[in-house]
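Peer 1: Would you mind keeping the following structure in view while I ask a few things?
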Amino acid sequence: MRLLWALLPLVPSVFAKPGNDSDSLFWGTYRPNLYFGLRPKVPQSLMTGLMWFGTQDYQSISRTRHGCDQGDGLDGYSWIEYDPREGGVQVIHDTPNNVKLTTEFLKVPGGEHGGSWAARIKGEPINHALPSRVSPIFYVGLEGMGGIDMETEEDENGIEGPVAFTGFTPDLDDFTIRIVDGPNNVYITEGQFAHAFHARTGKSHLLGLRVPPGEVWKALEYIQAPMIRHAQDIIKSYTDPQRGYPDPAFIFQLPDEIYSSSNLYAVQKHFDGPFQFDVFFESGKQKLSSTDLDVGISALSASYNERFDTVLPIPSNYQTSDPESLREFSKAITSNLIGGVGYFYGSSLLDRGFAYEWDQEDDSDPAESGEKKGPTLVEPKSLLTATPSRSFFPRGFYWDEGFHLLHIGQYDNDLTLEILQSWINLIDEDGWVAREQILGEEARSRVPPEFQVQVPSYANPPTLTMAVTAFIDRLRQQKGPSEADLGMDYGMGSQTPLSSESSSSSAGRRFLDEPELALDYLRAIYKPLKRHYEWFRRTQRGQIKQYGRKARSRTEAYRWRGRSQQHVLTSGMDDYPRGPPHAGELHLDLISWMAFFSQTMRDIAEFVGEVDDAAAFEEIAKATIANIDDLHWSEEEQMYCDVGVNDDDESYHVCHKGYLSLFPFLLGLLPPDSPHLGPILDLLRDPQHLWSPYGLRSLSASHPEFGQGENYWKGPIWIQMNYLALASLHKKYAALEGPYRQQAQQIYAELRKNIIDNVHKEYVRTGYVWEQYDALTGEGRRSHPFTGWTSLVALVISEKY
Ligand code: 6A9
């Protein structure tokens, strides 16, 4: 039975067939875990990557840069302009090697196989008074069927001129790859090789290897091993310590060997000072030149800036000493979020049998259903997704993604729909989606074993529907306010697509401009979304005990499955304080998410014309919101709380002042005149509790556990939660009539300024945006760059909620 879902047809796709000329998203920087890695969004195809090391000494090779790694000690790296359909520009500050690298990427449409692209890699010294000696290696590797051949004649010195390859794969058809030097490069000269035996002075050195299927991602190891062996051979001939050793650039050279039927090729250069080289991927008979890059990148840059200023403008009345710096910051976090979208393919680990003791009385008790215990590898899946952090978490995370899509949707609506569909394809026949998507060996290599296994009874906050309602909002805005009321009649009208717009402004909005497409899309995702919603209601249901006496609904109460003594990873707020685990406990954040989910399902149902469903969702939403008050409001504490069950089987409130207490407000569930709104606003505005000059703290500064233990969700400031607060204030409590409106307006203005100024200040100070910010000093903490939900600051600047 369980295996069946793998065979179910996927959601019918309304997107261009991958590789079709109209698929402008075919190629991308879809290996965002690398400093620079391109691939198409199809499984087992061509993968490219860049690595580099310094040759100023003999040690820097051991710190070769390839996969984004905080240990590399770079002073920042970010796409500073990135359009998902055109290309982008990234700047990398490698201070330890005294080089500022720029990677430019330009897509060139044409042909029937996904088009061509060009890349330019540039380097220049950061400090011109110091040496800047860099050896970049660019590689191309093929997974799956097809072949690559080298076309250039090599000699024993390496290669003087351009390097060319030809290749073929079923998806890409025929292609050519050429690597061409820029005009003004300074190479490590023969003079510097003076006392070297057998100096090879060609401008490029090469390696061609056959690597096993599925192992191109280990390119660094595969490419370095023969280089190190070669280096050891050379060093051996230097027996006289008086003479010293030859230049590191001479020792660390690829061996200029090409093995038969190679599927991984590397091209290496040794520069001294500023450099530039271009890589061309030419599909079929297309031909590209360095001039195309010169012209293409400046056009891309101009259109990107124009579009950015339209979709995410910096308000002219925002008080800041340096508006241009704020704009550069907002551009960079937006670009790095979109340039951080990845394509992943591979199997993942699942445990269908696991359940904690307190989860075992569920009907779905795995022990009784005969499910096998222990992790098993399940069939490969693919996923196009944004990533929270290119260095630390370069993979898909379910609840992060809803936030990512809000931001991406401002720039490219259709990209969010394609990503959303990719996630929806992961919903299984039960309606479940794994919280963390660790697909394939490469992804697994970055996760400790204890975190790899996903369990099909575990949830995560249902944020994906935020992307759907944001899309619906955009459709309604598009139509203008009067037509918007007609909601589900949309698509029957006779709108003319804005086809005369320039490509940069119409790109990424076909689904906004063509009403039938939009409706097809929403209808196609509706069924799996509903199955997903029902999975939540069925599997995360809570028991209503004593507090149920006053509960208006007998059904709407919820509990996260899969919590441990100390963690509720499924809630997303890992170590936030909770009561002791118990089958009868109830979680405030989950019931709030469920009310929110019911409301978003109602909106979607209305839009696609599922009238009965819409009414049913509305009923559930109302009942759930009523139960939030009935079950979770503590009159004594004047706050919303979790519910626990004690040894005498009695319910009690578990109250810890922090993000949890704010949920009914964060998700806009309270009416503006709710008597509970005042105490919530007082709590969040109190500097003794949640309020800091840098944003709202996750836990009250007066809580005994504040800053204790792992201190992950026990004080530090998280930007996506602050975004929720700002959105809720802006859209509802500061906007609508009510007794707390003025207070809400004041808090909104102050909180917005605190968040923008601190995240911006830390970016300027450190070169990064961070996973979270210190509750007392505002300093960036933990993973960086973290251009996942922290990038929402760009929306806060432009007040797009
Ligand atoms: C640990 C370490 C190389 C934790 O942003 C992703 C998630 C959030 O969804 C969640 O709310 N982060 C937050 O509490 C990061 C989770 C990383 C888990 C994997 C492995 C690997 O070190």
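Peer 1: Give me the extension gain from Glu450 to Asp75: residue separation times 0.36 nm, minus the current Cα-Cα distance, reported in nm with one decimal.
Peer 2: Taking 0.36 nm per residue and subtracting the Cα distance, the gain is 131.8 nm.
Peer 1: Take peptides 720-728, 179-187 and line them up by average Cβ neighbours within 10 Å, highest first, as a rough protection proxy.
Peer 2: 720-728, 179-187
Peer 1: Also, quick follow-up: Considering only the other residues whose Cβ falls under 14 Å of the Cβ of Leu405, what net charge follows from Lys and Arg at +1 and Asp and Glu at -1?
Peer 2: Around Leu405, the surrounding residues sum to -4.
Peer 1: Mind checking which lysines have their Cα closer than 18 Å to the Cα of Lys381? Skip sequence neighbours fewer than 8 apart in that chain.
Peer 2: Lys381 reaches Lys17, Lys41.
Peer 1: Please compute the alpha carbon radius of gyration of the range 19-156, then divide it by the globular-protein estimate 2.2 N^0.38 Å. Two decimals is fine.
Peer 2: Scaled against compact globular proteins, the figure is 1.15.
Peer 1: Hey, another quick one. Using alpha carbons only, how many angstrom separate the centre of the range 542-580 from the centre of the range 637-690?
Peer 2: 14 Å
Peer 1: How tilted is helix 290-311 with respect to the longest principal axis of the chain? Cα atoms for both, answer in degrees (0 to 90, nearest 10).
Peer 2: 20 degrees
Peer 1: What's the Cα-based Rg to Rh of the range 729-801, Rh via Kirkwood?
Peer 2: Over the Cα atoms of the range 729-801, Rg/Rh equals 1.06.
Peer 1: Kindly sort His587, His730, His656 by accessible area of their heavy atoms, largest first, with the probe set to 1.4 Å.
Peer 2: In descending accessible area the options line up as His730, His656, His587.
Peer 1: Go ahead and estimate [θ] at 222 nm for the chain from helices alone: -39,500 (n - 2.57) per DSSP H run with n ≥ 4, summed, over the residue count, rounded to 500.
Peer 2: Here the helix-only value at 222 nm equals -10000 deg cm²/dmol.
Peer 1: On to the next question. Identify unpaired cysteines across the chain, taking unpaired to mean no other cysteine Cβ lies under 4.7 Å from the residue's Cβ.
Peer 2: Cys68
Peer 1: Could you state the number of Å between the C-alpha centres of the range 706-747 and the range 53-118?
Peer 2: 36 Å
Peer 1: State whether the range 674-801 is rounded, prolate or oblate according to the following rule on the C-alpha gyration tensor (a ≥ b ≥ c being the square roots of its eigenvalues): a/c under 1.5 gives rounded; otherwise a/b larger than b/c gives prolate, and the remaining case gives oblate.
Peer 2: oblate
Peer 1: Within 15 Å, Cβ to Cβ, of Tyr222, how many net charges do the neighbouring residues add up to if Lys/Arg are +1 and Asp/Glu are -1?
Peer 2: Neighbourhood net charge equals -3.
Peer 1: Additional query: Would you mind listing how long the chain runs along its three principal axes, going by Cα atoms, in whole Å with the largest first?
Peer 2: Computed over the chain, the largest-to-smallest principal extents equal 89, 64, 63 Å.
Peer 1: Taking the mean number of other Cβ atoms within 10 Å as a proxy for protection, how do you rank 61-67, 757-763 from highest to lowest?
Peer 2: The densest-packed peptide leads the list: 757-763, 61-67.
Peer 1: Here is a further query. Could you derive backbone 3J(HN,Hα) for the range 52-63 from the dihedral phi with the Karplus parameters 6.51, -1.76 and 1.60 (θ = phi - 60°), listing whole Hz in sequence and x where the residue is Gly or Pro?
Peer 2: The phi angles translate into 7, 8, x, 10, 6, 8, 8, 9, 4, 4, 6, 10 Hz.
Peer 1: Which semi-axis lengths, in whole Å and largest first, follow from the square roots of five times the eigenvalues of the Cα gyration tensor of the range 2-309?
Peer 2: 34, 23, 18
Peer 1: Determine ³J(HN,Hα), in whole Hz, for all residues of the range 210-219 in sequence, where each value follows from phi through the Karplus function 6.51 cos²θ - 1.76 cosθ + 1.60 and θ = phi - 60°; x replaces Gly and Pro.
Peer 2: Residue by residue, the range 210-219 yields 9, 10, x, x, x, 10, 4, 5, 8, 3 Hz.
Peer 1: Just how many pairs of Lys in the range 674-801 have C-alpha atoms closer than 26 Å, counting pairs that are eight or more places apart or on different chains?
Peer 2: Taking the range 674-801 as the scope, the lysine pair count is 9.
Peer 1: So who's got an amide H within less than 5 Å of the one on Tyr356, skipping anything under 5 residues away but keeping other chains? H placed 1.01 Å off N, in plane.
Peer 2: Gly562
Peer 1: Can you list the lysines whose alpha carbon sits under 22 Å from that of Lys122, skipping same-chain ones fewer than 8 residues off?
Peer 2: Lys100, Lys107, Lys203, Lys269, Lys287, Lys331
Peer 1: Taking the Cα centroid of the range 202-253 and of the range 255-330, what is the distance between the two, rounded to the nearest whole Å?
Peer 2: Using only Cα atoms, the two centres lie 29 Å from each other.
Peer 1: For the chain, take the longest principal axis of its alpha carbons; what is the angle in degrees between that and the long axis of helix 464-479, to the nearest 10 within 0 to 90?
Peer 2: Once rounded, the angle reads 90 degrees.
The values are calculated or read from the model by the stated rules, or taken from the named source; none is laboratory data. Fair warning: this is a prediction, and the values are worked out from it, not measured in the lab. Please note: Cβ atoms are built from the backbone with ideal geometry, for glycine as well, and neighbour counts cover all protein chains shown. The protein model used for the area step is the full one, side chains on, heavy atoms only, and it has no ligands, DNA or RNA in it. Shrake-Rupley method; radii C 1.70, N 1.55, O 1.52, S 1.80 Å.
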